[in-house]
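Reviewing the structure listed below.
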DNA sequence: ATCAAAGTGGTACTCAGTCCCACTTTGATA
DNA sequence: TATCAAAGTGGGACTGAGTACCACTTTGAT
């Protein structure tokens, strides 16, 4: 718990260096012959480790080039949390993606190749979505508290959710207009996190916009500004 | 060539009956022991066919309970196409989901069990998303033409095509504010389908809303109206 | 020097998915 | 009716991902 940022503890550093190196090798192989035509055996051989050890470092074959996305999650959550609480969540989400857009802005070829690799294999695409689902899980509670108003405490992590969430009561069938118009879910007591689709709808839609923008950016070989594309995508939804 | 729609041709009917029966058996097995704990061998055995034949009928293990989703795609596309061309795409998309909501409205237990099965296995979840990607591919072009058509017609903020992008030049890096503000792709000539993220952003976001609504509906054991949940989710994005 | 924890490689296993081959069934035609 | 090609079926062998277990080595602290 204490070595999170202070002491990477040599072992950890070695481990990370290994991960990075294997990841680089795998990236090269995937680019050369396609992800589906590359076996774990091959990657392990080129990296000088056994198949067994490979799976100790990476859960799946695709993880070898996708784990960094997972690590990105907390950074995005922090970026969202850093936005002013009064800002509309949609705008905050837009700015949450700024780090992603900026990252590798100097090495567009790199991210272009990455996107092409993702798009090249259905399996890879699926795993990529899974990673984004991890982001979603991190962001949804933040958006939820933002929506429910500044009434509750601004604790980012602890999300008890269970003041009274009994399975017995069921919100008959009401949930009418009053809720759908206002920004904050005025009946915050009833459906803060589990029973309001809005937070997840916002986050997942924002990610959908991000993906749509990225796909166009990739199909244009990076000729258009990613910021402009993302703005375009997100403004259509909520101008 | 002749039996496309008129004559299911006995063989086809037999084949379909087989599919349905195997699908029913697999659904039961998945519910009883979980998808991941059920092997293709088992399903095939219970259905009285060989493993080989099973894979002739279904591409993957999960397809056995998911193919009907793929078949649903054209129906959704038709539902969207049936909406008035002047309607805002977001509203049309909302109504596109009406068939899904209505379907099995009389058998909520069935769809509840289905959703639980989906949510129960990560693999299943991934495959489910893939099926929805098929819907996306069908809907995106429809929304694209709707958007580009509306650009000329009635939408208010039609800009005078600032950079005057021709199809030949690569849109250097500009595409600035002008594009990001306006709803319609005013430069419809330049980026109608391939280079405008808006259609895909709309469709993918709508699907994200649908999923968010369904997830809440499932976690509430169907206690809340699906229509209300979906309205809530989609209205937050574009009231 | 000792010792426990962590890391590594090897083997064997399960299961999804593919390929190929031999056999049977079907349906149409001579 | 006999024939024949197309389609369907099952079996067996194969690849490749991912898991489990076991024996061995390295590390780092006491």
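Measuring between their Cα centroids, the stretch A:111-125 and the stretch B:11-38 lie 33 Å from each other. If you take the beta carbon distance between residue A:134 and residue B:12 as r and set R0 to 41 Å, what does 1/(1 + (r/R0)^6) give as a FRET efficiency, to the nearest 0.05? Computed FRET efficiency for residue A:134 and residue B:12 comes out at 0.45. Label-point spacing for residue A:98 across the identical copies (point 7 Å from Cα in the Cβ direction), in nm and ascending order: 4.3.
Taking the stretch B:22-110, how much of its Cα-Cα pair set, in percent, is spaced more than 23 angstrom apart?
Numbers: 1679 of 3916 pairs.
Roughly 43 percent, rounded to a whole number.
Take residue A:78, push a point 7 Å out from Cα through the beta-carbon direction, and compare it with the same point in every other copy: 5.3 nm, smallest first. In this simple spin-label approximation, residue A:78 and residue A:20 carry label points 7 Å from Cα along the Cα→Cβ vector, and these lie 1.7 nm apart. Quick one: work out Rg over Rh on the C-alpha atoms of the stretch B:10-60, Rh as Kirkwood radius. Value, to two decimals: 0.98. As a proxy for reagent exposure, ranking A:116, A:56 by other Cβ atoms within 10 Å from fewest up yields A:56, A:116.
Contour minus end-to-end for residue B:55 and residue B:70, with contour as 0.36 nm per residue of separation and end-to-end as the Cα-Cα distance?
So the chain would gain 3.7 nm between residue B:55 and residue B:70.
Bear in mind these aren't lab numbers, they're just calculated from the coordinates by the rules spelled out. Quantities reported herein were computed from a predicted structural model and do not represent experimental measurements. Because the Cβ atoms are built from the backbone with ideal geometry, glycine has one as well, and the counts that use them run over all protein chains shown.
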